[in-house]
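Following: one structure in C-alpha cells, then a few remarks.
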Amino acid sequence: MSATAAVSAGAAPAERDRKLEHIRLALEERMQLGQNFFDDYRFDHAALPEIDLDQVDAGVDFLGRRLAAPLLISSMTGGTETAGQINRNLAAGAEQAGVAVGVGSQRKALEDPTKADTFRVREVAPSAVLLANLGAVQLNYGMGVRECREAVEMIGADALILHLNPLQEAIQPEGQCNFAGLLPKIGQVVREVGVPVVVKEIGCGISEATARALAAQGVRIVDTAGVGGTSWARIEAQRAGDLEIGELFAGWGIPTPESIRQLRQVEGLTVIASGGVRNGLDVAKAIALGADLVGMAYPFLAPATESPDKVADKVRRTVRELKICMFCLGVKTISELRRVPLLKKVVR
C-alpha cells in the first residue's frame, strides 16, 4: 500500500508522513541498537531439573487479570489506516495468546476524532488487558486529566501509559521539549484519572532517582523501556536529515538490565522491563533480574503487518522459549523463576 493510500482522509500531511515514517523506519534493522545487554548474563543449567515440562506454568496476574505469560505487547503506533490495522492485529493476537497489549500515543486522536478508530481495538480483544497511551509532555501542551480520561474511554482501556521521551522530542523535527514541572501534573493524573497509570520511557531507560520521584507522586507501575532495542534517536535523526546526531545519541541512556536493577530498589513498584527484549530467554533473564512483567515491541511489528495469527504465533513462540528456559532451570512458576540466580558473564 502506498503512503498516500495508507493515510486517512483529513489528517495533516506532516502528521501522516510522520506516523508512516515511524512504522517504515522502525522495521529497518539499522534502527536497532545492535547490542543485546541481556547477553551479559547467563543462567546455570540444571541437567536434572526434576520436573515435567508440561508442569511449567508461565501465567501471572496483572491489573487483576490472569495472563498466560508475563508479556506485554508494547505500544507502537496509531493515527493512520496502516497503523490502525497494525493495532487491530496486535490486539487480536494478544487476545488469542492471552497477553497484555498497549496502543501508541493517542494525542492525535484527541485532537482529531476521525483518527480514533485507528486505536479502537476492544472489539477484537474483548478480554485482553489493554493500555491507553499519551505522552506525559502533553500535560504541558494543553492536555490534562480530562484528556487522559478520554484516551482511556476511547478504547475501553484497563490502564493508562504516560510515556517519557525527552531525547526523541529533542531530535524530532516537530519535537515538544518543555518537560518542566511535569511531576505534579503526573501525580494529578494518577490521583484523578480513575485507572492505574504506567509511566514508561521509550528506549532510554528510567533511573532509580526518577522512579522514586514518580513513586512519590503515587505512580505504582514503571516500565524501563531501556537502551538495547529500537533507537528512536536514529529514527528521528533520519527524519531530520542529521544522521550524525542520531549516531551520537543512538545508545544514550540506561541499558534495560541496569534499569531493572535500579527500579527494583524502589519499594512498592510493579516493574515492567522493556527495551531490547527479543526472545523468551531475554524474558526469563528480565524476570530473574527483578521484573514483574516484560514488554516487547519490535519482534511483533513485522508480524502485525501481516495478521493477528502471525502475532499470536510469535507470542506463543516467545512463551515456548520462556518455558524451555524455566524447564532447564528446574522451576515451574514465574515466582520461582524470580528467585533463580542470574550470573554476570566474565569478560575475558
Residue 203 is checked against (1) part of a loop (DSSP other than H, G, I, E, B); (2) surrounded by fewer than 21 Cβ atoms within 10 Å (Cβ to Cβ) and fails just one. What number does that condition carry? (2)
Matching strands (runs of 3 or more DSSP E) fully within region 55-119 where at least 1 residues are of a type in the set (Phe, Trp, Tyr) and either out of contact with any Phe, Trp or Tyr (no Cβ under 7 Å at 6 or more places or on another chain) or under 21 Å from residue 25 (Cα atoms) (or both): 60-62
Which numbered condition residue 284 fails, given (1) of a type in the set (A, V, I, L, M); (2) within 24 Å of residue 328 (Cα to Cα); (3) surrounded by fewer than 23 Cβ atoms within 10 Å (Cβ to Cβ): (3)
Out of everything in region 269-281 that is assigned to a strand (DSSP E or B) and of a type in the set (Gly, Ala, Ser), what residue ends up being surrounded by the most Cβ atoms within 10 Å (Cβ to Cβ)? 273
Limited to region 135-154, what total is found for residues that are in a loop (DSSP other than H, G, I, E, B) and surrounded by fewer than 16 Cβ atoms within 10 Å (Cβ to Cβ)? 3
For region 48-59, pairs from a residue that is surrounded by fewer than 12 Cβ atoms within 10 Å (Cβ to Cβ) to a residue that is small (Gly, Ala, Ser) and part of a loop (DSSP other than H, G, I, E, B), with Cβ under 6 Å and 6 or more apart or across chains, are 50/330
In region 227-262, what residues are within 22 Å of residue 58 (Cβ to Cβ) and free of Cβ contacts under 8 Å to residues at least 60 places away in the same chain? 260
For a quick check of your reading of the model, give me the residue pairs whose first member lies in region 295-322 and is free of Cβ contacts under 8 Å to residues at least 40 places away in the same chain, whose second is in a helix (DSSP H, G or I) and of a type in the set (D, E, K, R), with beta-carbon atoms closer than 9 Å and at least 6 apart or on different chains. 299/314
The listed residue being within 21 Å of residue 314 (Cβ to Cβ) and over 17 Å from the mean Cα position of the chain (by Cα), out of 82, 114, 77: 82
So for region 258-267 (the condition being in contact with an Asp or Glu (Cβ under 9 Å, 6 or more places away or on another chain), within 18 Å of residue 227 (Cα to Cα), among the β-branched types (Val, Ile, Thr) and not in a strand (DSSP E or B)), does at least one residue qualify? no
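Values quoted throughout were computed directly from the atomic coordinates according to the rules given, and no laboratory measurement underlies them. These figures come from a predicted structure and were not determined experimentally. Virtual Cβ from ideal backbone geometry, glycine too; neighbours counted across all protein chains shown.
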